[in-house]
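J.: After the structure tokens below, expect a handful of questions from me.
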Amino acid sequence: MINSQIPFNQLPFLRNRLDSSLSGIERTEMTCLRQLEYLNGYLDGILDEQVQEFLEILHLADFRHSLDLEREPIALHRLMEGYCSENALKDPQLQSALNYLSWYREVRSLSLDQLAPGYLRLIRKGADSNRERKEITVKSYFTNLTLYTAPQGNTVLQPLRLELDSFLKDISSQDSLTSLAIIHFHIRTLAPFNDFNGFVARAYNMLSLRLIGLNYDFIPLSWAITKRKEQYQSLIRQCISENNLEAWVRFMHEVAESAAHRLYIQLKSMLKLKRKLKDQLLKYTIYDFPEELVGVLMKQPYIKTAHLTSALGCHRHTAYTYLNHLVAMGILIEKTSGREKLYLHKELFDLIND
């Protein structure tokens, strides 16, 4: 029966997983690495100071998919509006998303040996304590039946958790996509925290891209997994019952390849949109717009007057004049958020939401 429990307390140690040989994964790993290296080369070749800002809003958009995987969906409009407007911060889910982005900025500057679960569990307040007795289950997204129940009881959890924590502090053996995939699997099946174990695993995978020599730490991994989310869940049960992680590792290689390709397409489209905006403002307006205005329009989908006054050093009246002209051109759409007036750059939003 699907809803019957697997003998969860027989979960192997992480080192035993990594020491076991896996056949048939070399091809998917090499294909994924080629795509990641292609993206890496593309990022190296972009001489645009705004790329990091592009990555940040794409990362925030991907967090929506991570919340969906954790069964706490949030609308992208709400997420992007909250990123811009202080009036939108009364939503606890939204605040969690913005806290996550702030946390990610912080840990990006840390050395990799500081990314052990002891630090990763700070992702979300209220969900940061080590689990002892709480039952954590992996369920089917379609039927809601339990596919897997994580280990229970402190006597079982403690040695597994200590071994995982110790292993993640030793970064020397985490330098391949396969080992990162197995670590992801182990965090999810061990479920060492009270909540968001899947999210912790995905965040660690992204941050650890630096371990395999890449110069960035974000790909839309949650988006790629969401496209195959039922397989993401059911593979846990399959791999544990068969004591074979080969299918899981191949799956993670494939989703990482898909995520890297999507990021390349999105960045390429964003730079194309930026060039288009420059041409529109240069050729089809009566105003001599400052060059920095395009950067403001591309920084985030929702824009407010304060963004222009800060970036351009102009008066509020001048900022309103620019914004109203952009609305008349059809580039921005005016919207009210609480007491604030926001302006939606719909073409940028649609690109992020595509």
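J.: Can you tell me the relative contact order of the chain? Whole percent, Cα pairs under 8 Å, sequence separation 6 or more.
T.: 23 percent
J.: Give me the dipole magnitude in Debye, nearest 20, for segment 162-301 about the Cα centre, with unit charges on the beta carbon: positive for Lys and Arg, negative for Asp and Glu.
T.: The calculated dipole for segment 162-301 is roughly 740 debye.
J.: Tell me what the chain gives for mean residue ellipticity at 222 nm when only DSSP H runs of n ≥ 4 count, each as -39,500 (n - 2.57), the sum divided by the residue total, rounded to 500 deg cm²/dmol.
T.: -19000 deg cm²/dmol
J.: Continuing with this model, one more query. Convert each backbone phi in segment 76-82 into a coupling constant with the Karplus relation 6.51 cos²θ - 1.76 cosθ + 1.60 (shift: θ = phi - 60°), then list the ³J(HN,Hα) values in order as whole Hz, x for Gly and Pro.
T.: Each residue of segment 76-82 in turn: 5, 4, 5, 5, 6, 5, x Hz.
J.: Would you pull out the residues with amide H under 5 Å of residue 148's amide H, same chain only if 5 or more places away, H placed 1.01 Å from N?
T.: HN-HN under 5 Å from residue 148: 138.
J.: Compute the normalised compactness of the chain: alpha-carbon radius of gyration over 2.2 N^0.38 Å, N being the residue count.
T.: On the way: Rg = 22.3 Å, N = 354, 2.2 N^0.38 = 20.5 Å.
Rg over 2.2 N^0.38 Å, computed on Cα atoms: 1.09.
J.: DSSP loop GluC sites (Glu not before Pro) in segment 249-354 with at most 12 other Cβ atoms within 10 Å of their Cβ, which ones?
T.: Within segment 249-354, the qualifying GluC sites (Glu not before Pro) (loop, at most 12 other Cβ atoms within 10 Å) are 291.
J.: Given H placed on each backbone N at 1.01 Å, which residues far from residue 194 in sequence or on other chains put an amide H within less than 5 Å of it?
T.: Under 5 Å from the amide H of residue 194 lie the amide H atoms of 129, 131, each far enough along the sequence or on another chain.
J.: I would also like to ask the following. Using +1 on the beta carbon of Lys and Arg, -1 on that of Asp and Glu, and nothing else charged, what's the dipole of the chain about the Cα centre, debye to 20?
T.: 720 debye
J.: OK, next. Scan the chain and report its longest stretch carrying no trypsin sites (Lys or Arg not before Pro) that are both in a DSSP loop and have at most 15 other Cβ atoms within 10 Å.
T.: 229-338
J.: What chymotrypsin sites (Phe, Trp or Tyr not before Pro) does segment 235-314 have in DSSP loop regions with at most 12 other beta carbons within 10 Å?
T.: 284, 287
J.: Find the lysine pairs in segment 8-267 meeting two conditions, Cα atoms under 26 Å apart and a separation of 8 or more places or different chains, and report how many there are.
T.: Lysine pairs, 8 or more places apart or on different chains, close enough: 9.
Where a number appears in this text, it was derived from the coordinates with a stated rule and is not lab data. Fair warning: this is a prediction, and the values are worked out from it, not measured in the lab. Every residue, glycine among them, receives a Cβ derived from its backbone with ideal geometry; neighbour counts consider all protein chains shown.
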